[in-house]
1. May I ask for the angle, rounded to the nearest 10°, between helix 190-203 and the longest principal axis of the chain, with both axes built from Cα atoms and the value confined to 0 to 90°?
2. Could you list 38, 210 in order of exposure, starting from the residue whose Cβ has the fewest other Cβ atoms within 10 Å?
3. With the crude spin-label approximation of a point 7 Å out along Cα→Cβ, what separation in nm comes out for residue 155 versus residue 29?
4. Mind pulling the angle between the C-alpha long axis of helix 22-38 and the longest principal axis of the chain? Nearest 10 degrees, somewhere in 0 to 90.
5. Arranged by the count of other C-beta atoms within 10 angstrom, fewest first, what order do 208, 1, 234 take?
6. Suppose only helical runs count, i.e. DSSP H with n ≥ 4. What mean residue ellipticity at 222 nm does that imply for the chain under -39500 (n - 2.57) per run, divided by all residues and rounded to the nearest 500 deg cm²/dmol?
7. Shape verdict for segment 75-202, please, from the Cα gyration tensor: rounded (a/c under 1.5), prolate (a/b greater than b/c) or oblate.
8. Take the Cα gyration tensor of the chain, multiply each eigenvalue by 5, square-root it, and list the three semi-axes largest first, rounded to whole angstrom.
């Protein structure tokens, strides 16, 4: 936040053509140092660290998966919609997740078997749950930069409301029952979703690929997610809209 308040920040473009700022680097250093002190025997995988080769990390039973600044473009454009994502992965599933939006002073956290919670800038700390499918209109969270393909897909839902939002906040809006679905028909990485995935699961929802299978982590060399749907009401057939 010190860097954010300074206004314009120096931007570099990484090899994957995504932007990185000094805030990404400093946040990563602080989080990694803290986790290494807290749990020195648990390995760490971060967007801002050199990725551990799959031949080594495939042996990990438990590890930290972090995105020190999810929504770097939102940080650069000063929308306040960026988050810090920290997840603990065990046997390919997120068992603990923290999503914090420092500019908004809003946080979400969950631990497997203990439910999901939100704390707000007003000092409120509340248990959160997904909502039942409302019929029409449904509420859909989307990126401010969603592409033409996503736009065409949204028309299949009929009457709907859109919530434009950055970073993992899109997933968290479903967890707290404000929105019903977040369709992601584009690239994301595992550190983008893991913390929010835990929050959404404990709130009653799920993130699944376009075949209806739950997202899993550290199962392959690539750290890219498949295209997915993050949904609230698990009783509704969300896959039906893919096949119209």
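What follows is calculated from the coordinates using simple rules that are stated; it is not laboratory data. The structure displayed is predicted, hence computed values, not measured ones. Here the Cβ positions follow ideal geometry from the backbone for every residue, glycine too, while neighbour counts run over all protein chains shown.
1. Helix 190-203 sits at roughly 50 degrees to that axis.
2. Ranking 38, 210 by Cβ neighbours within 10 Å, fewest first, gives 38, 210.
3. For the pair residue 155/residue 29, the computed spacing is 5.0 nm.
4. Taking Cα atoms only, the helix is inclined about 80 degrees.
5. Starting with the residue having the fewest Cβ neighbours, the order is 1, 234, 208.
6. When only DSSP H runs of four or more count, the value is -6500 deg cm²/dmol.
7. It is rounded, given that a/c, with a ≥ b ≥ c, falls under 1.5.
8. Output for the chain: semi-axes of 27, 21, 19 Å.
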